[in-house]
Amino acid sequence: MADTSKLFNDKSDLYAQARPQYPAELFTFIKTLAPNADSAWDCATGNGQAAVGLSKIFDHVYATDISDEQIANHLDVESVTFSVSPAEHTKFDDNMFGLVSVAQALHWFDFGKFWPEVQRVLKPGGALITYAYLWFSVTPEIDALVESEVKSVISPYWAPNNQLAIDGYKDVTFPFKKLNVPNFDIKVEWNFDQMINYLHTWSATRRCMDAQGPAFFEQARKKLKQAWGNPKDIKIATSPLIVIAGYPN
């Protein structure tokens, strides 16, 4: 697996500003998975985007990430304890959590070590849920420019791990009893700079800049700005969520 601690240390402050929050409906569903649980583990929390929603339905959330820079830039969330830790080996007690939540990160894990860790820290009857978003749709014109000016250019620079998420985790073997889950969308309100910042947080964007320089991104920015109109105008961006949930076998 890739060295995610180095990958996500880069631009961690921008990540905190640009990454979207998850819909309230998702956390309403999450609570049904562990209705009597008082604590949850938000694994690979990044800056804490998912921890915000989890903190509203659990008494306490323990949020970990392998990146010390991500944790240093975490969002200010009450009843959440942030710490640096790999997903595959934590200092948590056995049978500690009613829920393990993984947002936008499952594809980076060593599954042979992560699944046993989930089994160890979950209480009897505890659940696992993982969720991820892919590409956001804004308008047909903007979507086409993102495709031609950014996604097609950076395509060779995605890590193999990313392909697992792009494929909807269909090639990941889950040692859990999967549940039927509702369909969820994630929606954000962006001005122009917020969209550009989001594109900048993509790991493949940064890798491509390292290899080729930033000229392609500046060209994309100019074309996208023209298509956007007034940079301060707010547009709605939407992406379906991939959601997989279940209980250990």
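Key figures for this structure:
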read-out: Segments 25-35, 193-203 sorted - mean Cβ within 10 Å per residue, highest first; value: 193-203, 25-35
read-out: Quarter of Cα convex hull surface for the range 195-249, i.e. mean projection, nm²; value: 6.3
read-out: Separation in nanometres of the label points that stand 7 Å from Cα toward Cβ, at Phe216 and Ile236; value: 3.2
read-out: Rounded to 5, percent antiparallel among DSSP beta bridges of the chain; value: 45
read-out: Helix 111-121 vs. the chain, principal-axis angle (Cα, 0 to 90°, nearest 10); value: 50
read-out: Per-selection Rg to Rh, the chain - Cα, Kirkwood hydrodynamic radius; value: 0.97
read-out: Estimated [θ] at 222 nm from DSSP helical runs (n ≥ 4, -39500 (n - 2.57)) normalised by residues in the chain, nearest 500; value: -10500 deg cm²/dmol
read-out: Net charge dipole size for the range 4-248 [Lys, Arg +1 and Asp, Glu -1 on Cβ; Debye, nearest 20]; value: 400
read-out: Principal semi-axes in Å for the range 88-217 [√(5λ), Cα gyration tensor, largest first]; value: 34, 17, 13
read-out: Relative contact order (percent, whole number), the range 4-248, Cα cutoff 8 Å, 6+ residue spacing; value: 22
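The numbers here are math on the coordinates, done by the rules we state, and not lab data. Keep in mind the model is a prediction, meaning the values are calculated, not measured. We place every Cβ from the backbone using ideal geometry, glycine too, and count neighbours over all the protein chains shown.
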